[in-house]
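Every number here is computed from the coordinates shown, using simple stated rules; none is lab data. Note that this is a predicted model, so its numbers are computed, not measured. Methodologically, a virtual Cβ is constructed for each residue, glycine included, from the backbone with ideal geometry; neighbour enumeration extends over all protein chains shown.
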Amino acid sequence: MLQEEIFYILGANKLNNFAEIGIFPFSTSVNKSDRLSIGGCDLRELAETFGTPLYIYDEETIRTMCRNFLNEFKLAYKNTRIEYSTKAFSNLSIIRIMEQEGLDIDVVTGGELAVAIASKFPANRINFHGNNKTTAELNEGLTYDIGTVTLDSFHEIKVLSKIANEKSKKQTVMLRVSPSIDPHTHLLTTTGILDSKFGFSIETGDAEKAIIDVMADDNLHLEGLHFHLGSPIFEVEPYTQAIDYVMKFSASMRDKHGFNLDRFSPGGGFAIDYITNNPSPPISKYANAISTSVRDCCQLYGFNEPELVVEPGRAIVGKAGVALYTVGGIKTIPNVRTYVSVDGGMGDNIRPALYGAEYSVVSVDGPHRKKDTKVTIAGKFCESGDILAKDVLVPTLNTGDLIAIPASGAYCVPMASNYNMQVRPAIVMVKDNIPRLIRRRETYEDLLATNLDVD
């Protein structure tokens with residue numbers, strides 16, 4: 001054995017013990033070149049091969065999270081289905097992994113449905129969500145023979161009924177209800193309160209009217225109720241409060257209108273770790289709290305236990321993704337702030353600008369080095385609010401250095417834009433020392449492809 005290999009093995013535990021490793025993908029390590037590695041792939045080598053900004057997804061982490069959700073929820077409540085929310089990140093490779101790992105999926109647009117169709121995802125395991133599905137989108141869903149449509153408005157009830165009638169189908173549906181519960185998350189990602197564009201409000205009586213309308217419709221079969229409180233939710237109490245409220249309402253609808261609750265979905269919103277000092281609950285805590293609450297309510301209100309559907313999105317892919325950037329200009333304002341600008345920003349991750357989301361920042365080279373410099377990581381876009389991480393401690397950074405931002409696997413790539421006519425980044429999947437390009441970097445030709453010459 002080479003001397004350097006002996007040294008590396010003896011020192012590996014120390015090198016890998018950098019503070020943020022717990023929020024990186026499971027396969028993350030520090031290699032013998034003292035650089036970050038994911039899935040056995042050196043991040044600097046990935047940057048040299050594919051360029052930056054670059055999004056890196058670890059296949060091992062995605063599959064592990066799928067299995068963990070299945071195992072923990074089925075252990076707590078056997079009759080559970082896990083439904084991946086594709087809005088967190090939709091890609092052919094990702095959807096195929098969901099199918100292989102036994103997860104269902106939900107989509108909220110025709111575009112997300114198109115990805116599912118292109119990946120040949122089983123139609124009966126697709127649930128079409130969204131608060132304003134168009135006639136064309138609903139028609140596409142029924143043409144593909146999707147399993148469930150979750151209805152969100154009286155307009156959708158009418159449109160879907162008409163389409164189902166034209167296709168001589170009886171479409172299985174769920175109703176999204178609003179339980180008026182505050183999940184204690186960001187206002188812009190809170191969806192289960194009264195003042196929300198989503199769902200039929202129980203409080204105003206709309207939910208009851210929707211149940212009456214759907215049960216009377218010969219083209220629709222009402223299977224159950226769904227609610228979604230928001231995301232990310234770091235507490236379990238909002239789930240248990242909402243479950244009791246909705247199950248009590250369901251019992252009232254059974255007694256008044258003969259409604260059967262065969263399927264019940266408390267949505268998703270499960271949190272992940274973005275920074276080291278704000279840990280998220282383990283999956284088991286969510287699973288036990290939700291399952292216990294459903295069982296207790298079934299006993300209290302006299303229900304047979306329904307099929308339980310939970311909808312993780314962020315919690316499946318968030319930890320698996322890492323954003324990689326190259327440092328460009330560095331500006332120090334004495335006694336004020338040091339700005340470290342990178343070659344990406346709000347164009348590929350708008351969450352900090354939109355929600356005030358916080359991220360950790362790690363140097364690709366020597367990630368365990370002492371963090372003794374406070375900087376603000378700024379993007380390259382023409383907005384003062386284009387900040388990825390504000391006043392974070394990092395090792396001394398220089399132009400050309402690489403930084404990695406973990407927990408970037410959800411709602412970064414899907415919310416990316418071409419602002420300033422910037423091309424969107426490439427995405428690679430890594431596994432067993434092999435990187436696989438799952439989405440190429442856009443080109444200027446891509447940006448111009450939809451332009452028409454009007455002269």
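Just a few scattered comments:
- From phi via Karplus (6.51, -1.76, 1.60), per-residue ³J(HN,Hα) for the range 256-273 in Hz, x at Gly/Pro: 8, 10, x, 5, 10, 9, 8, 9, 9, 10, x, x, x, x, 5, 7, 10, 7
- Computed about the Cα centre, the dipole magnitude for the range 77-314 is approximately 340 debye when only Lys and Arg (+1) and Asp and Glu (-1) carry charge, each at its Cβ.
- Distance from the alpha carbon centroid of the range 359-383 to that of the range 112-158 works out to 41 angstrom.
- Percentage relative contact order, the range 77-314, counting C-alpha pairs under 8 Å, at least six apart: 20 percent
- Within straight-line reach of Lys431, meaning a Cα separation under 22 Å, sit the following lysines at least 8 residues removed in sequence or on another chain: Lys32, Lys319.
- Of the trypsin sites (Lys or Arg not before Pro) found in the range 352-455, those in coil by DSSP whose Cβ has at most 16 other Cβ atoms within 10 Å are Arg369, Lys370, Arg440, Arg441.
- Straightening the chain between Lys169 and Lys390 buys 74.2 nm, computed as 0.36 nm per residue apart minus the Cα-Cα spacing.
- The charge dipole of the chain, taken about its Cα centre with unit charges on the Cβ atoms of Lys, Arg (+1), Asp and Glu (-1) only, comes to about 540 debye.
- Calculated mean residue ellipticity at 222 nm for the chain: -9500 deg cm²/dmol, from DSSP H runs with n ≥ 4 weighted as -39500 (n - 2.57), summed, divided by the residue count and rounded to 500.
- Across the options Leu300, Ser178, Pro334, the greatest Cα extent toward the positive end of the charge dipole of the chain (unit charges at beta carbon of Lys, Arg, Asp, Glu) belongs to Pro334.
- Helix 283-301 vs. the chain, principal-axis angle (Cα, 0 to 90°, nearest 10): 10 degrees
- Once the C-beta distance of Ser33 and Ala118 is scaled by a Förster radius of 35 Å, the resulting FRET efficiency is 0.35 to the nearest 0.05.
- Positive-end extreme of charge dipole, the range 70-171 - chosen from His155, Leu113, Gln100 (charges on Cβ): His155
- Length available on full extension from Lys331 to Ser93: 0.36 nm per residue minus the Cα-Cα distance, which gives 81.7 nm.
- The chain, relative contact order [Cα under 8 Å, separation at least 6], %: 19 percent
- Compared with the dominant principal axis of the Cα atoms in the chain, helix 59-76 is inclined by about 40°.
- Segment Thr204-Asn304, extension gain: residue separation times 0.36 nm, minus the distance between their alpha carbons: 33.3 nm
- Per-q log10 I(q)/I(0), the chain, q = 0.06, 0.08, 0.11 Å⁻¹ (Debye; single scatterer per alpha-carbon; no solvent): -0.29, -0.51, -0.90
- Over the range 77-314, the hull volume per residue, using the convex hull of the C-alpha atoms, is 118 Å³.
- The chain: angle of helix 154-166 to the longest principal axis, Cα-based, in degrees nearest 10: 70 degrees
- Residue (of Tyr419, Thr450, Ile438) at the positive-pole extreme of the range 388-455, dipole from beta-carbon charges: Ile438
- Ordering of 82-95, 238-251 by burial proxy (mean other Cβ atoms within 10 Å per residue, highest first): 82-95, 238-251
- 25 Å Cα-Cα reach of Lys167 towards lysines, excluding residues that sit fewer than 8 places from it in its own chain: Lys120, Lys133, Lys158
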